[in-house]
Amino acid sequence: MMALQAQGTRVPLVLALFLLLAGCGSEAQPLVPALFTFGDSSVDVGNNDYLHTIIKANFPPYGRDFANHVATGRFCNGKLATDITADTLGFTTYPAAYLSPQASGQNLLIGANFASAGSGYYDHTALMYHAIPLSQQLEYFREYQTKLAAVAGAGQARSILSGALYIVSAGASDFVQNYYINPLLFKTQTADQFSDRLVAIFGRTVQELYGMGARRVGVTSLPPLGCLPASITLFGHGAAGCVSRLNSDAQSFNRKMNGTVDALARRYPDLKIAVFDIYTPLYDLATDPQSQGFAEARRGCCGTGTVETTVLLCNPKSVGTCPNATSYVFWDAVHPSEAAN
(Lines give C-alpha, C1' and ligand atoms only; values in the text may rest on other atoms or scores of the structure.)
Protein backbone atom coordinates (compact mmCIF):
# COMPACT_ATOMS: atom_id res chain seq x y z
CA MET A 1 0.00 0.00 0.00
CA MET A 2 1.24 3.48 -0.84
CA ALA A 3 0.07 6.76 0.65
CA LEU A 4 0.06 10.33 -0.61
CA GLN A 5 2.29 12.97 0.90
CA ALA A 6 1.10 16.43 -0.08
CA GLN A 7 1.30 19.62 1.95
CA GLY A 8 2.25 17.60 5.04
CA THR A 9 -0.56 15.02 4.97
CA ARG A 10 -0.73 11.33 4.14
CA VAL A 11 -3.79 9.59 2.72
CA PRO A 12 -4.34 6.11 1.22
CA LEU A 13 -3.40 5.42 -2.39
CA VAL A 14 -6.96 5.25 -3.71
CA LEU A 15 -7.72 8.68 -2.28
CA ALA A 16 -4.32 9.93 -3.48
CA LEU A 17 -5.17 8.91 -7.02
CA PHE A 18 -8.61 10.51 -6.70
CA LEU A 19 -7.03 13.82 -5.65
CA LEU A 20 -4.41 13.63 -8.39
CA LEU A 21 -6.87 12.63 -11.10
CA ALA A 22 -10.06 14.42 -10.02
CA GLY A 23 -12.36 15.09 -12.94
CA CYS A 24 -10.91 12.40 -15.21
CA GLY A 25 -12.42 9.44 -16.98
CA SER A 26 -15.70 7.61 -16.75
CA GLU A 27 -16.89 4.23 -15.57
CA ALA A 28 -16.35 2.70 -19.00
CA GLN A 29 -12.81 4.03 -19.50
CA PRO A 30 -9.63 4.17 -17.39
CA LEU A 31 -9.40 7.29 -15.23
CA VAL A 32 -6.51 8.49 -17.40
CA PRO A 33 -5.85 7.79 -21.09
CA ALA A 34 -2.28 6.61 -20.58
CA LEU A 35 0.36 5.75 -18.01
CA PHE A 36 4.05 6.65 -18.34
CA THR A 37 6.64 5.27 -15.95
CA PHE A 38 10.25 6.27 -15.35
CA GLY A 39 12.76 4.98 -12.84
CA ASP A 40 14.48 1.85 -11.58
CA SER A 41 13.86 -1.83 -10.79
CA SER A 42 10.87 -1.01 -8.60
CA VAL A 43 8.93 -0.17 -11.78
CA ASP A 44 10.87 -1.78 -14.67
CA VAL A 45 8.57 -4.17 -16.57
CA GLY A 46 11.17 -5.58 -18.94
CA ASN A 47 13.35 -2.92 -20.56
CA ASN A 48 16.47 -4.55 -19.16
CA ASP A 49 15.58 -7.72 -21.05
CA TYR A 50 16.90 -5.89 -24.12
CA LEU A 51 20.13 -4.60 -22.58
CA HIS A 52 23.58 -6.15 -22.08
CA THR A 53 23.40 -6.09 -18.29
CA ILE A 54 23.37 -8.59 -15.45
CA ILE A 55 20.51 -6.67 -13.84
CA LYS A 56 17.71 -8.78 -15.29
CA ALA A 57 14.64 -10.63 -14.02
CA ASN A 58 13.38 -12.38 -17.15
CA PHE A 59 13.87 -15.89 -15.78
CA PRO A 60 12.33 -18.05 -13.03
CA PRO A 61 11.57 -17.82 -10.21
CA TYR A 62 10.77 -14.19 -11.05
CA GLY A 63 7.24 -13.90 -12.38
CA ARG A 64 6.09 -17.25 -11.04
CA ASP A 65 2.86 -15.67 -9.69
CA PHE A 66 2.37 -13.25 -12.60
CA ALA A 67 -0.14 -13.86 -15.41
CA ASN A 68 0.66 -17.19 -17.11
CA HIS A 69 3.61 -17.56 -14.71
CA VAL A 70 5.81 -15.59 -17.12
CA ALA A 71 9.02 -13.85 -16.04
CA THR A 72 8.55 -10.57 -17.90
CA GLY A 73 11.50 -8.72 -16.38
CA ARG A 74 9.60 -7.47 -13.32
CA PHE A 75 11.66 -7.76 -10.14
CA CYS A 76 8.90 -9.53 -8.27
CA ASN A 77 7.09 -12.84 -8.05
CA GLY A 78 3.99 -11.13 -9.48
CA LYS A 79 2.61 -7.63 -9.91
CA LEU A 80 4.53 -4.45 -9.19
CA ALA A 81 2.91 -1.60 -7.30
CA THR A 82 2.53 0.25 -10.61
CA ASP A 83 0.68 -2.74 -12.10
CA ILE A 84 -1.74 -2.58 -9.20
CA THR A 85 -2.05 1.18 -9.75
CA ALA A 86 -2.91 0.54 -13.40
CA ASP A 87 -5.55 -1.97 -12.26
CA THR A 88 -6.96 0.63 -9.87
CA LEU A 89 -7.14 3.19 -12.67
CA GLY A 90 -9.16 0.80 -14.84
CA PHE A 91 -6.56 -0.42 -17.32
CA THR A 92 -7.11 -3.95 -18.63
CA THR A 93 -3.61 -4.24 -20.09
CA TYR A 94 -0.33 -2.71 -18.97
CA PRO A 95 1.77 -0.21 -20.95
CA ALA A 96 4.66 -2.07 -22.58
CA ALA A 97 8.36 -1.78 -21.85
CA TYR A 98 9.50 0.80 -24.38
CA LEU A 99 12.37 -1.32 -25.71
CA SER A 100 10.12 -4.32 -26.29
CA PRO A 101 8.48 -5.16 -29.64
CA GLN A 102 5.10 -4.71 -27.96
CA ALA A 103 5.70 -0.96 -27.67
CA SER A 104 4.36 -0.20 -31.14
CA GLY A 105 1.19 0.61 -33.04
CA GLN A 106 -2.06 0.82 -31.08
CA ASN A 107 -0.29 -0.33 -27.90
CA LEU A 108 1.33 3.10 -27.69
CA LEU A 109 -2.06 4.71 -27.04
CA ILE A 110 -2.09 3.61 -23.38
CA GLY A 111 1.45 4.81 -22.65
CA ALA A 112 4.81 3.15 -22.17
CA ASN A 113 7.26 2.14 -19.48
CA PHE A 114 10.78 3.60 -19.71
CA ALA A 115 12.15 2.38 -16.38
CA SER A 116 15.36 0.39 -16.13
CA ALA A 117 16.58 -1.72 -13.22
CA GLY A 118 19.84 -0.35 -11.84
CA SER A 119 19.01 3.19 -12.86
CA GLY A 120 18.46 6.20 -10.62
CA TYR A 121 18.32 9.96 -10.61
CA TYR A 122 22.11 10.07 -10.89
CA ASP A 123 23.10 8.92 -14.38
CA HIS A 124 26.38 7.41 -13.23
CA THR A 125 24.43 4.86 -11.16
CA ALA A 126 22.81 3.51 -14.32
CA LEU A 127 26.09 3.56 -16.24
CA MET A 128 27.74 1.39 -13.57
CA TYR A 129 25.20 -1.35 -14.27
CA HIS A 130 24.68 -0.80 -18.01
CA ALA A 131 21.11 0.32 -17.35
CA ILE A 132 19.18 3.16 -19.01
CA PRO A 133 20.05 6.49 -17.34
CA LEU A 134 17.11 8.71 -16.43
CA SER A 135 18.28 11.30 -18.96
CA GLN A 136 18.06 8.63 -21.69
CA GLN A 137 14.64 7.55 -20.45
CA LEU A 138 13.48 11.11 -21.09
CA GLU A 139 15.02 11.00 -24.57
CA TYR A 140 13.14 7.79 -25.27
CA PHE A 141 9.97 9.57 -24.15
CA ARG A 142 10.65 12.31 -26.73
CA GLU A 143 11.03 9.60 -29.36
CA TYR A 144 7.81 7.98 -28.15
CA GLN A 145 5.92 11.24 -28.68
CA THR A 146 6.80 11.22 -32.36
CA LYS A 147 5.64 7.62 -32.68
CA LEU A 148 2.41 8.41 -30.81
CA ALA A 149 1.60 11.31 -33.11
CA ALA A 150 2.07 9.04 -36.12
CA VAL A 151 -0.40 6.52 -34.68
CA ALA A 152 -2.98 8.83 -33.09
CA GLY A 153 -2.59 12.13 -34.93
CA ALA A 154 -1.17 15.30 -33.42
CA GLY A 155 -4.36 16.41 -31.71
CA GLN A 156 -5.15 13.14 -29.96
CA ALA A 157 -1.50 12.72 -29.04
CA ARG A 158 -1.51 16.06 -27.22
CA SER A 159 -4.69 15.05 -25.40
CA ILE A 160 -3.18 11.71 -24.33
CA LEU A 161 0.02 13.36 -23.11
CA SER A 162 -1.74 16.04 -21.08
CA GLY A 163 -4.30 13.65 -19.56
CA ALA A 164 -1.89 10.86 -18.69
CA LEU A 165 -0.45 9.95 -15.31
CA TYR A 166 3.34 10.07 -15.09
CA ILE A 167 5.03 7.98 -12.39
CA VAL A 168 8.64 8.51 -11.31
CA SER A 169 10.21 5.95 -8.95
CA ALA A 170 13.96 6.15 -8.36
CA GLY A 171 16.66 6.91 -5.83
CA ALA A 172 17.10 3.62 -3.96
CA SER A 173 19.71 2.33 -6.41
CA ASP A 174 21.58 5.62 -6.14
CA PHE A 175 22.15 4.95 -2.45
CA VAL A 176 22.27 1.17 -2.03
CA GLN A 177 23.98 0.26 -5.31
CA ASN A 178 26.21 3.30 -5.62
CA TYR A 179 26.71 5.81 -2.81
CA TYR A 180 27.12 3.38 0.10
CA ILE A 181 29.58 1.17 -1.78
CA ASN A 182 31.41 3.79 -3.84
CA PRO A 183 34.33 5.54 -2.07
CA LEU A 184 34.45 8.11 -4.86
CA LEU A 185 31.09 9.26 -3.51
CA PHE A 186 30.92 8.52 0.21
CA LYS A 187 34.45 9.85 0.84
CA THR A 188 33.85 13.10 -1.02
CA GLN A 189 30.31 14.07 0.06
CA THR A 190 27.91 13.37 2.88
CA ALA A 191 24.66 11.48 2.34
CA ASP A 192 22.88 14.79 2.88
CA GLN A 193 24.88 16.43 0.10
CA PHE A 194 24.22 13.48 -2.19
CA SER A 195 20.50 13.81 -1.44
CA ASP A 196 20.61 17.46 -2.46
CA ARG A 197 22.16 16.40 -5.75
CA LEU A 198 19.49 13.76 -6.42
CA VAL A 199 16.57 15.98 -5.46
CA ALA A 200 17.83 18.71 -7.78
CA ILE A 201 17.88 16.17 -10.63
CA PHE A 202 14.36 15.11 -9.69
CA GLY A 203 13.18 18.72 -9.88
CA ARG A 204 14.73 19.20 -13.32
CA THR A 205 13.18 15.90 -14.47
CA VAL A 206 9.68 17.05 -13.55
CA GLN A 207 10.29 20.38 -15.29
CA GLU A 208 11.36 18.52 -18.43
CA LEU A 209 8.27 16.31 -18.29
CA TYR A 210 6.11 19.38 -17.82
CA GLY A 211 7.72 20.94 -20.87
CA MET A 212 6.85 17.80 -22.84
CA GLY A 213 3.19 17.94 -21.84
CA ALA A 214 2.92 16.22 -18.45
CA ARG A 215 0.29 17.68 -16.13
CA ARG A 216 -0.22 14.82 -13.63
CA VAL A 217 2.87 13.47 -11.91
CA GLY A 218 3.18 10.99 -9.05
CA VAL A 219 6.60 10.36 -7.53
CA THR A 220 7.41 7.66 -5.01
CA SER A 221 9.39 8.46 -1.89
CA LEU A 222 12.43 6.43 -0.96
CA PRO A 223 11.58 3.24 0.93
CA PRO A 224 13.16 2.50 4.33
CA LEU A 225 16.54 1.62 2.82
CA GLY A 226 17.82 0.21 6.09
CA CYS A 227 15.04 -2.39 6.27
CA LEU A 228 15.84 -4.07 2.95
CA PRO A 229 17.23 -7.55 3.72
CA ALA A 230 20.28 -6.87 1.54
CA SER A 231 21.00 -3.65 3.45
CA ILE A 232 20.79 -5.46 6.78
CA THR A 233 23.21 -8.10 5.46
CA LEU A 234 25.68 -5.63 3.95
CA PHE A 235 25.53 -2.69 6.33
CA GLY A 236 23.98 -4.03 9.56
CA HIS A 237 27.27 -5.33 11.07
CA GLY A 238 25.57 -8.47 12.31
CA ALA A 239 22.51 -6.79 13.80
CA ALA A 240 19.10 -8.27 13.01
CA GLY A 241 17.08 -5.06 12.83
CA CYS A 242 16.83 -2.24 10.30
CA VAL A 243 19.94 -0.10 9.79
CA SER A 244 18.92 3.22 11.33
CA ARG A 245 21.58 5.27 9.52
CA LEU A 246 20.22 4.24 6.11
CA ASN A 247 16.64 4.90 7.19
CA SER A 248 17.63 8.36 8.41
CA ASP A 249 19.19 9.09 5.02
CA ALA A 250 15.97 8.01 3.30
CA GLN A 251 13.83 10.17 5.57
CA SER A 252 16.06 13.17 4.95
CA PHE A 253 15.82 12.65 1.19
CA ASN A 254 12.03 12.35 1.43
CA ARG A 255 11.73 15.64 3.33
CA LYS A 256 13.78 17.38 0.66
CA MET A 257 11.65 15.81 -2.08
CA ASN A 258 8.44 16.96 -0.39
CA GLY A 259 9.78 20.51 -0.35
CA THR A 260 10.69 20.33 -4.02
CA VAL A 261 7.24 18.97 -4.90
CA ASP A 262 5.59 21.87 -3.04
CA ALA A 263 7.83 24.35 -4.90
CA LEU A 264 6.98 22.77 -8.27
CA ALA A 265 3.26 22.91 -7.49
CA ARG A 266 3.57 26.62 -6.72
CA ARG A 267 5.60 27.30 -9.85
CA TYR A 268 3.25 25.44 -12.21
CA PRO A 269 -0.36 26.04 -11.10
CA ASP A 270 -1.76 23.63 -13.72
CA LEU A 271 0.53 20.79 -12.61
CA LYS A 272 -1.01 18.18 -10.31
CA ILE A 273 1.89 16.54 -8.50
CA ALA A 274 1.97 14.29 -5.44
CA VAL A 275 4.44 12.16 -3.52
CA PHE A 276 3.37 8.55 -2.99
CA ASP A 277 4.82 7.78 0.42
CA ILE A 278 6.08 4.20 0.38
CA TYR A 279 8.44 4.72 3.32
CA THR A 280 5.80 4.57 6.04
CA PRO A 281 3.78 1.53 4.95
CA LEU A 282 6.88 -0.50 4.02
CA TYR A 283 8.55 0.40 7.31
CA ASP A 284 5.44 -0.78 9.14
CA LEU A 285 5.47 -4.04 7.18
CA ALA A 286 9.19 -4.59 7.74
CA THR A 287 9.14 -3.91 11.49
CA ASP A 288 5.80 -5.51 12.39
CA PRO A 289 4.85 -7.94 9.61
CA GLN A 290 2.53 -10.04 11.76
CA SER A 291 0.14 -7.13 12.30
CA GLN A 292 -0.63 -7.15 8.57
CA GLY A 293 -0.76 -10.89 8.05
CA PHE A 294 2.86 -11.51 7.02
CA ALA A 295 5.23 -13.96 8.67
CA GLU A 296 8.67 -12.92 7.40
CA ALA A 297 10.32 -9.55 6.77
CA ARG A 298 14.00 -10.15 7.54
CA ARG A 299 14.64 -12.28 4.47
CA GLY A 300 13.20 -12.50 1.00
CA CYS A 301 11.46 -15.53 -0.43
CA CYS A 302 14.09 -16.25 -3.10
CA GLY A 303 17.07 -18.33 -1.99
CA THR A 304 18.43 -17.41 1.43
CA GLY A 305 16.64 -14.07 1.04
CA THR A 306 19.52 -12.10 2.54
CA VAL A 307 21.58 -11.00 -0.47
CA GLU A 308 19.80 -12.35 -3.54
CA THR A 309 18.63 -10.09 -6.33
CA THR A 310 18.63 -10.39 -10.15
CA VAL A 311 20.68 -13.22 -11.72
CA LEU A 312 23.12 -13.01 -8.81
CA LEU A 313 21.79 -15.85 -6.66
CA CYS A 314 18.05 -15.37 -7.32
CA ASN A 315 17.71 -17.72 -10.27
CA PRO A 316 16.22 -21.12 -11.17
CA LYS A 317 18.94 -22.90 -9.17
CA SER A 318 18.47 -20.90 -5.97
CA VAL A 319 18.35 -23.21 -2.96
CA GLY A 320 15.79 -22.48 -0.27
CA THR A 321 13.26 -20.42 -2.25
CA CYS A 322 9.98 -20.42 -0.35
CA PRO A 323 7.00 -22.26 -1.86
CA ASN A 324 4.52 -19.46 -1.11
CA ALA A 325 5.55 -15.80 -1.22
CA THR A 326 2.29 -14.41 0.17
CA SER A 327 3.61 -14.49 3.74
CA TYR A 328 6.86 -12.71 2.80
CA VAL A 329 7.21 -8.91 2.74
CA PHE A 330 10.16 -9.22 0.34
CA TRP A 331 10.44 -11.35 -2.77
CA ASP A 332 14.21 -11.10 -3.07
CA ALA A 333 16.63 -9.26 -0.82
CA VAL A 334 15.67 -5.85 -2.24
CA HIS A 335 12.21 -5.94 -3.82
CA PRO A 336 8.82 -6.38 -2.14
CA SER A 337 6.61 -9.34 -2.95
CA GLU A 338 3.36 -8.94 -4.83
CA ALA A 339 1.51 -9.35 -1.52
CA ALA A 340 3.45 -6.44 -0.03
CA ASN A 341 2.92 -4.35 -3.16
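Overview of results
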quantity: Criterion (among the small types (G, A, S), touching a Leu at 6+ places or on another chain (Cβ under 9 Å), modelled with pLDDT of 65 or more and over 23 Å from C301 (Cβ atoms)) met by exactly one of G90, G25; calculated: G90
quantity: Any chance A126 is under 22 Å from the mean Cα position of the chain (by Cα), modelled with pLDDT of 95 or more and within 20 Å of F235 (Cα to Cα); calculated: no
quantity: Residues satisfying the stated conditions in the range 55-89, i.e. open to solvent by 50 Å² or more (accessible area, probe 1.4 Å) and on the phi > 0 side of the Ramachandran plot; calculated: N68, H69
quantity: Candidate set from the range 201-216 (those that are small (G, A, S) and assigned to a helix (DSSP H, G or I)); member that is farthest from Q145 (Cα to Cα); calculated: G203
quantity: Cβ pairs under 6 Å, 6+ apart, first in the range 247-258 and open to solvent by 10 Å² or more (accessible area, probe 1.4 Å), second of a type in the set (V, I, T); calculated: K256/V199; N258/V275
quantity: Some residue of the range 318-329 being farther than 30 Å from L209 by Cα, open to solvent by 20 Å² or more (accessible area, probe 1.4 Å), part of a loop (DSSP other than H, G, I, E, B) and touching a residue at least 24 places away in the same chain (Cβ under 8 Å); calculated: yes
quantity: Criterion (closer than 26 Å to A340 by Cα and open to solvent by less than 50 Å² (accessible area, probe 1.4 Å)) met by exactly one of G155, G118; calculated: G118
quantity: Close pairs from the range 273-286: first in contact (Cβ under 8 Å) with a residue 60 or more places away in the chain, partner basic (K, R), Cβ under 7 Å, at least 6 apart; calculated: D277/R10; T280/R10
quantity: Of all residues making up the range 110-152, the number that are aromatic (F, W, Y) and not in a loop (DSSP other than H, G, I, E, B); calculated: 3
quantity: Enumeration of residues in the range 156-170 that are within 19 Å of G211 (Cβ to Cβ) and either of a type in the set (F, W, Y) or in a helix (DSSP H, G or I) (or both); calculated: A157, R158, S159, I160, L161, S162, G163, Y166
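Conditions tested, residue by residue: (1) assigned to a loop (DSSP other than H, G, I, E, B); (2) closer than 22 Å to C76 by Cα.
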residue	(1), (2)
G218	no, yes
L246	no, no
R255	no, no
D270	yes, no
Q290	no, yes
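Conditions tested, residue by residue: (1) among the aromatic types (F, W, Y); (2) in contact (Cβ under 8 Å) with a residue 12 or more places away in the chain; (3) crowded, with 17+ Cβ neighbours inside 10 Å; (4) touching a strand residue (DSSP E or B) at 6+ places or on another chain (Cβ under 9 Å).
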position	(1), (2), (3), (4)
F91	yes, yes, yes, yes
A97	no, yes, yes, yes
L108	no, yes, yes, no
G111	no, yes, yes, yes
F141	yes, yes, yes, yes
F175	yes, yes, yes, no
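The values are calculated or read from the model by the stated rules, or taken from the named source; none is laboratory data. These numbers were taken from a predicted model, which means no experiment stands behind them. Please note: Cβ atoms are built from the backbone with ideal geometry, for glycine as well, and neighbour counts cover all protein chains shown. Calculation scope for accessible area: heavy atoms of the full protein, side chains included, ligands and nucleic acids excluded. Shrake-Rupley method; radii C 1.70, N 1.55, O 1.52, S 1.80 Å.
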